Amino acid sequence: MANADSGSLYQIESCCRLYPGSTLVPFFDLGAQPPANALADSPDTPLPLVPLTLAWSEQARCPQLTATVDPAVLFRHYVWVSGTSAVARDYSEIFCERLISRMPSDVSRSVLEVASNDGTFLRPFLARKYQVLGVDPARNIAEQAEESGIRTIPEFFDRQLGKRLLEERGPFGAVFARNVLPHTPTARDLVSTLVATLDARGVGAIEFHDSREIVQGLHYDSIYHEHYFYFSLQSVSRLIEDAGAHPFDVENSPISGGSKVLFFSRQRRPRTDSLTQELAAEAAEGLDTLGRWREFADQSRSHAKALRTLVEAEVSNDRRVVGFGASARSSTMLNFAKIDRRLLAAVADNNRLKHGRYTAGTFIPILPPSEVFSQRVDTVVLLAWNFRDELLRELRERYQFSGRIIVPLPGMPEVVELKP
């Protein structure tokens with residue numbers, strides 16, 4: 001792998017980002033890897049390598065990375081677009097209804113989304129005549145959102161911006177941040193600013209990858225440099241409470257292979273049975289213990305070896321193998337399992353921003369699915385396994401693919417036959 005000078009790209013933390021008095025204890029080393037979305041322009045492009053190590057904070061009771069990569073490097077030009085996924089588009093309507101159903105009828109009809117991407121999750125609110133505003137630091141994606149009619153501020157959401165929004169627009173009836181809290185090294189500041197922009201009677205929501213799903217389903221592919229934290233309901237609840245707000249309900253989300261949406265308000269509301277039960281289930285799983293996470297690390301190492309062995313067997317049997325879904329998560333999986341262009345002929349992806357580029361570190365060409373499946377393909381590794389049903393339907397109906405599918409996660413990898 002060609003390596004560029006990592007220089008000032010990152011720094012290694014020895015203390016917890018949430019509770020600086022707590023020392024970080026490294027327990028899962030996934031090796032030095034390029035940032036997951038650092039797609040290469042050619043197979044010879046030098047890429048910076050950054051340690052990818054998970055560590056434990058006893059006070060925070062949740063894992064976090066040891067390396068902090070400059071957020072401007074990771075997020076100013078982004079290649080993940082929410083609207084690419086049919087699952088995300090369908091879920092955006094469900095999410096909208098869930099949030100509105102928890103809002104008082106006479107609260108301000110204004111909605112703020114932090115890390116709004118292309119505006120997919122604000123669009124249903126706009127269709128229902130709410131005033132919407134997005135904030136996203138990825139200038140290229142924010143521009144797309146603006147062009148589609150979603151007002152978007154192309155900045156990082158920090159205290160200064162929060163103060164400006166309050167002065168210019170007043171508090172919002174609803175605020176939400178989906179799958180951005182783990183992306184924020186200053187997560188405590190993000191939560192407190194989000195709470196500060198919320199109307200006293202409004203409702204907020206924070207969505208994040210469910211750590212119970214991570215450990216039970218071996219989602220080690222969710223560990224990459226954009227995700228500084230791996231939160232539980234308990235740890236996010238503490239941050240909300242520290243900011244002076246009150247978590248009161250929880251819902252499941254299909255995103256990321258299993259996420260939680262935690263609802264909160266500035267005024268105290270009765271805690272639902274669902275939230276109480278989910279918190280108890282987390283405790284029973286041992287998510288607040290280092291021992292459970294060490295077990296997860298051991299199982300993940302075994303999984304990566306099994307996955308590589310499975311792909312090698314396909315290739316040794318003269319099967320042409322490709323991947324489907326050049327997601328950030330797939331970057332961790334491919335690098336950790338040491339699956340590169342010697343094993344995968346290409347990776348198909350629907351996101352045109354990735355076409356003609358190469359996967360970070362493993363340098364597999366990323367091509368439109370129409371191009372990949374116009375050639376002989378015997379086996380498909382479903383890298384974006386968390387969109388399994390959507391991708392299998394696309395393979396069968398759009399590309400008339402029949403053959404072997406390697407589903408890497410959740411749990412140990414399995415091979416299924418896709419029939420005509």
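The values are calculated or read from the model by the stated rules, or taken from the named source; none is laboratory data. All figures in this text were calculated on a predicted structure; none of them were measured in a lab. Cβ sites come from the backbone with ideal geometry, for glycine too, and all protein chains shown count toward neighbours.
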Original post:
Does the stretch 284-291 contain any residue that is buried (at least 21 other Cβ atoms within 10 Å of the Cβ), farther than 30 Å from Ile339 by Cβ and without any contact (Cβ under 8 Å) to a residue 60 or more places away in the chain?
Top reply: no
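Checking the structure you have, find out if any residue of the stretch 337-355 is among the β-branched types (Val, Ile, Thr), within 22 Å of the chain's Cα centre (by Cα) and at pLDDT 95 or above.
Checked the stretch 337-355: at least one residue is among the β-branched types (Val, Ile, Thr), within 22 Å of the chain's Cα centre (by Cα) and at pLDDT 95 or above.
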Original post:
What pairs can you find where one residue is in the stretch 161-175 and of a type in the set (A, V, I, L, M), the other is in a strand (DSSP E or B), and their Cβ atoms are less than 6 Å apart, with a gap of 6+ or different chains?
Top reply: Ala174/Val111; Ala174/Gly202; Ala174/Val203; Val175/Leu112; Val175/Leu198; Val175/Gly204
Original post:
Got at least one residue in the stretch 202-217 being of a type in the set (A, V, I, L, M, F, W, C) and either farther than 26 Å from Ser110 by Cβ or modelled with pLDDT under 95 (or both)?
Top reply: yes
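Which members of the stretch 225-274 meet the condition of being β-branched (Val, Ile, Thr), at pLDDT 95 or above and surrounded by 17 or more Cβ atoms within 10 Å (Cβ to Cβ)? Walk me through it before giving the result.
Start the filter on the stretch 225-274 by keeping residues that are β-branched (Val, Ile, Thr), which leaves 236, 240, 250, 255, 261, 272.
Still in the list and also at pLDDT 95 or above: 236, 240, 250, 261, 272.
Selection gives Val236, Ile240, Val250, Val261.
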Original post:
Hey, among the residues in the stretch 304-324 that are surrounded by 22 or more Cβ atoms within 10 Å (Cβ to Cβ) and not β-branched (Val, Ile, Thr), which one's nearest to Asp378 (Cα to Cα)?
Top reply: Gly323
Subject >> In the stretch 133-157, residue surrounded by the most Cβ atoms within 10 Å (Cβ to Cβ) [restricted to those that are in contact with a Ser or Thr (Cβ under 8 Å, 6 or more places away or on another chain) and in a strand (DSSP E or B)] >> reply: Thr152
Original post:
Can you find even one residue in the stretch 101-114 that is closer than 30 Å to Leu30 by Cβ and in contact with a Leu (Cβ under 9 Å, 6 or more places away or on another chain)?
Top reply: yes
**OP:** Among the candidates Ile94, Ile100, single out the residue that is buried (at least 18 other Cβ atoms within 10 Å of the Cβ) and in a helix (DSSP H, G or I).
**Re:** Ile100
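With the requirement that a residue be among the polar types (S, T, N, Q) and within 28 Å of Phe28 (Cα to Cα), what does the stretch 315-341 give you? If you could, list the steps in order and put the result at the bottom.
Keep residues of the stretch 315-341 that are among the polar types (S, T, N, Q), which gives 316-317, 327, 330-332, 335.
Once the filter is applied, which keeps residues that are among the polar types (S, T, N, Q) and within 28 Å of Phe28 (Cα to Cα), the stretch 315-341 yields Ser327, Ser330, Ser331, Thr332, Asn335.
Can you tell me how many residues within the stretch 1-40 are among the acidic types (Asp, Glu) and at pLDDT below 90? Give the derivation first.
Going through the stretch 1-40, the residues among the acidic types (Asp, Glu) turn out to be 5, 13, 29.
Filter again for at pLDDT below 90, leaving 5.
Result for the stretch 1-40: 1.
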**OP:** Could you tell me whether the stretch 343-359 includes any residue that is within 24 Å of Leu74 (Cα to Cα) and among the acidic types (Asp, Glu)?
**Re:** yes
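In the stretch 158-179, which residues are crowded, with 18+ Cβ neighbours inside 10 Å and modelled with pLDDT under 95?
Asn179
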Subject >> Selected residue (criterion: nearest to the chain's Cα centre (by Cα)) from residues of the stretch 391-409 that are surrounded by fewer than 17 Cβ atoms within 10 Å (Cβ to Cβ) and over 23 Å from Arg341 (Cα atoms) >> reply: Arg393
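Give the stretch 208-224 a look and list any residue that's in contact with a Ser or Thr (Cβ under 9 Å, 6 or more places away or on another chain) and of a type outside the set (Phe, Trp, Tyr), or say none.
Here is the first cut: in the stretch 208-224, the ones in contact with a Ser or Thr (Cβ under 9 Å, 6 or more places away or on another chain) are 208-214, 218-224.
Once the filter is applied, which keeps residues that are in contact with a Ser or Thr (Cβ under 9 Å, 6 or more places away or on another chain) and of a type outside the set (Phe, Trp, Tyr), the stretch 208-224 yields His209, Asp210, Ser211, Arg212, Glu213, Ile214, Leu218, His219, Asp221, Ser222, Ile223.
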Subject >> Residue list for the stretch 312-339, filter: out of contact with any Leu (no Cβ under 9 Å at 6 or more places or on another chain) and of a type in the set (D, E, K, R) >> reply: Asp318, Arg319, Arg320, Lys338
Original post:
Which of the residues belonging to the stretch 105-132 are surrounded by fewer than 19 Cβ atoms within 10 Å (Cβ to Cβ) and outside any loop (DSSP other than H, G, I, E, B)?
Top reply: Leu126, Ala127, Gln131
Original post:
Can you pull out the residues in the stretch 37-70 that are assigned to a strand (DSSP E or B), more than 21 Å from Gly21 (Cα to Cα) and without any contact (Cβ under 8 Å) to a residue 60 or more places away in the chain?
Top reply: Pro48, Pro51
